[in-house]
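Chemist: Pasting a structure here, questions to come.
The values are calculated or read from the model by the stated rules, or taken from the named source; none is laboratory data. All figures in this text were calculated on a predicted structure; none of them were measured in a lab. Cβ placement follows ideal geometry from the backbone for every residue including glycine, while neighbour counts extend to all protein chains displayed.
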Amino acid sequence: KNQVEQSPQSLIILEGKNCTLQCNYTVSPFSNLRWYKQDTGRGPVSLTIMTFSENTKSNGRYTATLDADTKQSSLHITASQLSDSASYICVVSAVTGANNLFFGTGTRLTVIP
Amino acid sequence: NAGVTQTPKFQVLKTGQSMTLQCAQDMNHNSMYWYRQDPGMGLRLIYYSASEGTTDKGEVPNGYNVSRLNKREFSLRLESAAPSQTSVYFCASSEVGPANGYTFGSGTRLTVV
């Protein structure tokens with residue numbers, strides 16, 4: 001069964017600190033993995049997208065890693081800011097199938113002053 | 001600004017009432033999607049339209065109908081709303097191909113009482 005699991009469910013950190021969010025998946029055959037940021041009351045916004053051959057990708061203070069062998073990804077946030085408070089969703093795409101996007105339930109990050 | 005526009009942002013319905021959620025994109029994308037987001041669950045695909053003139057069921061299509069009015073617009077209709085359809089609904093669009101990113105609208109929060 002194709003699944004995407006994220007941990008932790010929620011996280012509270014102090015402004016300026018770093019944090020790492022985890023994503024494990026069982027989606028096969030794998031096409032790509034995306035991380036989205038979803039602010040409260042808004043739609044998800046893409047942060048990174050990685051294919052099978054990529055093992056790291058950065059977008060400003062966000063760095064995503066992918067280990068396709070162990071089917072794990074992480075999103076590292078450096079020097080957190082209050083505006084980083086949001087839900088972060090891991091989405092894995094399969095190669096085949098019309099309905100080929102599998103969504104994690106997200107990690108709710110709260111950055112406090 | 002380019003993107004996906006959804007209307008309305010909020011709606012309260014009584015059980016049995018009908019309504020249509022509107023979605024329009026101005027990025028000339030071929031594919032459009034309707035998702036619902038419920039607490040503790042990942043986004044689930046309701047219906048999608050791979051291209052103008054085609055629509056297909058997703059993971060949770062029961063109780064919904066869709067219309068791809070033209071390349072820009074993709075509407076979602078609830079013929080007889082039920083409390084189980086209380087959710088946040090997101091429209092998204094993308095270019096054809098699993099490697100392309102999805103652009104999401106800001107969502108419609110629907111409550112059925």
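Chemist: Scan the strands (runs of 3 or more DSSP E) fully inside the range B:46-113 and keep the ones with 2 or more residues being of a type in the set (S, T, N, Q), in contact (Cβ under 8 Å) with a residue 60 or more places away in the chain and more than 9 Å from every other protein chain (Cβ to nearest Cβ).
Modeler: Strands (runs of 3 or more DSSP E) meeting the threshold: B:87-94, B:108-112.
Chemist: Now for a separate question. Against the definition (touching a Phe, Trp or Tyr at 6+ places or on another chain (Cβ under 7 Å) and farther than 30 Å from A:MET50 by Cα), how does B:LEU76 come out, yes or no?
Modeler: So B:LEU76 passes the test.
Chemist: Looking at A:ILE89, A:ILE77, A:ILE112, can you tell me which residue is buried (at least 20 other Cβ atoms within 10 Å of the Cβ), of a type in the set (A, V, I, L, M, F, W, C) and away from chain B (no Cβ under 11 Å)?
Modeler: A:ILE77
Chemist: Moving on to the next point. Within the range B:72-103, count every residue that is modelled with pLDDT of 95 or more and over 10 Å from B:CYS23 (Cβ atoms).
Modeler: 11
Chemist: Here's another thing I want to ask about it. What is the residue count in the range A:21-56 for residues that are closer than 20 Å to A:SER87 by Cβ, without any contact (Cβ under 8 Å) to a residue 60 or more places away in the chain and within 13 Å of chain B (Cβ to nearest Cβ)?
Modeler: Within the range A:21-56, residues that are closer than 20 Å to A:SER87 by Cβ, without any contact (Cβ under 8 Å) to a residue 60 or more places away in the chain and within 13 Å of chain B (Cβ to nearest Cβ) number 16.
Chemist: I'm told B:THR20 meets every condition in (1) without any contact (Cβ under 8 Å) to a residue 60 or more places away in the chain; (2) within 30 Å of A:MET50 (Cβ to Cβ); (3) hydroxyl-bearing (Ser, Thr, Tyr) except one. Can you identify the failing condition by its number?
Modeler: Here B:THR20 clears every test but (2).
Chemist: Continuing with this model, one more query. Out of the residues in the range A:1-58 that are among the small types (Gly, Ala, Ser) and part of a loop (DSSP other than H, G, I, E, B), which is farthest from B:PHE90 (Cα to Cα)?
Modeler: By that ranking, first place goes to A:GLY16.
Chemist: Can you tell me which of A:SER31, A:SER83, A:SER58 is closer than 23 Å to B:PHE104 by Cα, of a type in the set (Ser, Thr, Tyr) and touching an Asp or Glu at 6+ places or on another chain (Cβ under 9 Å)?
Modeler: Checking each option against the conditions leaves just A:SER83.
Chemist: For B:TYR33, all conditions in the list (1) surrounded by fewer than 21 Cβ atoms within 10 Å (Cβ to Cβ); (2) within 11 Å of another protein chain (Cβ to nearest Cβ); (3) not β-branched (Val, Ile, Thr) hold save one; what is the number of the exception?
Modeler: (1)
Chemist: If you don't mind, there's one more thing I want to ask. Counting only residues that are over 14 Å from A:GLY43 (Cα atoms), of a type in the set (A, V, I, L, M, F, W, C) and either within 12 Å of chain A (Cβ to nearest Cβ) or surrounded by 19 or more Cβ atoms within 10 Å (Cβ to Cβ) (or both), how many does the range B:14-30 have?
Modeler: Final tally of qualifying residues: 2.
Chemist: A further question follows. Could you tell me how many of the residues in the range A:35-72 are among the charged types (D, E, K, R) and within 27 Å of B:PHE10 (Cβ to Cβ)?
Modeler: Total meeting the criteria: 3.
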